[in-house]
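All remarks here apply to the structure that follows.
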Amino acid sequence: MWPFTRGKPGSPQAPLPRQPSRNAGKPVNLLLESYVLDLIGHLPADKSEGLAQMAPKLRQALSTQAREWRGMLRETLHLSDTFEVAVLDLWIRNGEIAATAGSLLDPEDFAEMFVEQYSVDGSRVDVWPGNSLALARERIAAWRTRRPDA
């Protein structure tokens with residue numbers, strides 16, 4: 001309803017205090033979260049379309065050779081060839097942990113946590129000791145065959 005009115009602090013009409021954005025000054029983190037959501041199949045279509053439309057401006061702003069937004073991120077952030085494996089494997093494993101605990105893993109929460117952990121100095125999110133990469137690829141292949149939309 002217009003006009004909006006402000007109430008006294010603590011009153012029912014008082015606006016809630018605005019929380020500072022966790023990604024303030026870090027727009028690339030928002031793009032990376034969108035990329036993670038896209039990889040796990042939970043990026044809303046309207047957001048995907050918006051990112052595709054932004055691609056020319058992103059390409060210029062990021063000074064990349066890539067033509068689509070995912071490639072621009074891969075190039076700008078120097079993401080490894082196994083980045084997508086890391087995202088999918090952690091999505092699968094953490095989803096199984098949540099299911100065992102009787103809950104569901106929220107895709108947006110996962111994307112936020114992934115980007116937070118990936119961005120930490122010394123992150124080992126995309127490090128594959130021993131045969132862990134082969135095992136991750138096996139989990140992903142099995143997960144894809146179990147998915148109803150696969």
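Looking across the stretch 105-150, the residues that are more than 22 Å from LEU73 (Cα to Cα), under 20 Å from the mean Cα position of the chain (by Cα) and among the hydrophobic types (A, V, I, L, M, F, W, C) come down to LEU105, ALA136, ILE140, TRP143. Within this structure, ASP121 fails the test of being within 25 Å of LYS47 (Cβ to Cβ) and among the charged types (D, E, K, R). On the basis of being surrounded by fewer than 12 Cβ atoms within 10 Å (Cβ to Cβ), over 18 Å from TYR35 (Cβ atoms) and not polar (S, T, N, Q), does ARG144 make the cut? No; evaluated as a whole, the condition is false for this residue. Put simply, of ALA52, ALA24, ALA99 the only residue that is assigned to a helix (DSSP H, G or I), modelled with pLDDT under 95 and over 27 Å from LEU133 (Cβ atoms) is ALA52.
Only one of the listed residues (ASP126, ASP109) is within 18 Å of GLU33 (Cβ to Cβ) and either touching a Leu at 6+ places or on another chain (Cβ under 7 Å) or touching a residue at least 12 places away in the same chain (Cβ under 8 Å) (or both). That residue is ASP126.
Checked against the criterion of being in contact with a Phe, Trp or Tyr (Cβ under 7 Å, 6 or more places away or on another chain), aromatic (Phe, Trp, Tyr) and surrounded by 15 or more Cβ atoms within 10 Å (Cβ to Cβ), the candidates PHE83, PHE110 yield just one match: PHE110.
Screening LYS57 against (1) of a type in the set (D, E, K, R); (2) exposed (fewer than 11 other Cβ atoms within 10 Å of the Cβ); (3) outside any helix (DSSP H, G or I) leaves a single unmet condition, (3).
One line per residue, one yes/no per condition, for (1) touching a residue at least 12 places away in the same chain (Cβ under 8 Å); (2) under 16 Å from the mean Cα position of the chain (by Cα); (3) surrounded by 12 or more Cβ atoms within 10 Å (Cβ to Cβ); (4) assigned to a loop (DSSP other than H, G, I, E, B):
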position: VAL36; (1), (2), (3), (4): yes, yes, yes, no
position: HIS42; (1), (2), (3), (4): yes, yes, yes, yes
position: ARG70; (1), (2), (3), (4): yes, yes, yes, no
position: ASN94; (1), (2), (3), (4): yes, yes, yes, no
position: SER103; (1), (2), (3), (4): no, no, no, yes
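Of all residues being part of a helix (DSSP H, G or I) and farther than 12 Å from VAL87 by Cα in the stretch 113-132, which is modelled with the lowest pLDDT? Just the residue, please. Residue satisfying both the conditions and the ranking: SER119.
Each residue in the stretch 67-108 was checked for being of a type in the set (D, E, K, R) and more than 24 Å from ALA142 (Cβ to Cβ), and 6 pass. Quick one: HIS42 ticks every box in (1) within 25 Å of LEU135 (Cβ to Cβ); (2) touching a Phe, Trp or Tyr at 6+ places or on another chain (Cβ under 8 Å) bar one, so which box is it? The single condition HIS42 does not satisfy is (2).
The values are calculated or read from the model by the stated rules, or taken from the named source; none is laboratory data. Keep in mind that this is a model prediction, so the values were computed, not measured. Don't worry about glycine lacking a Cβ; one is built from the backbone with ideal geometry, like all the others, and counts go over all protein chains shown.
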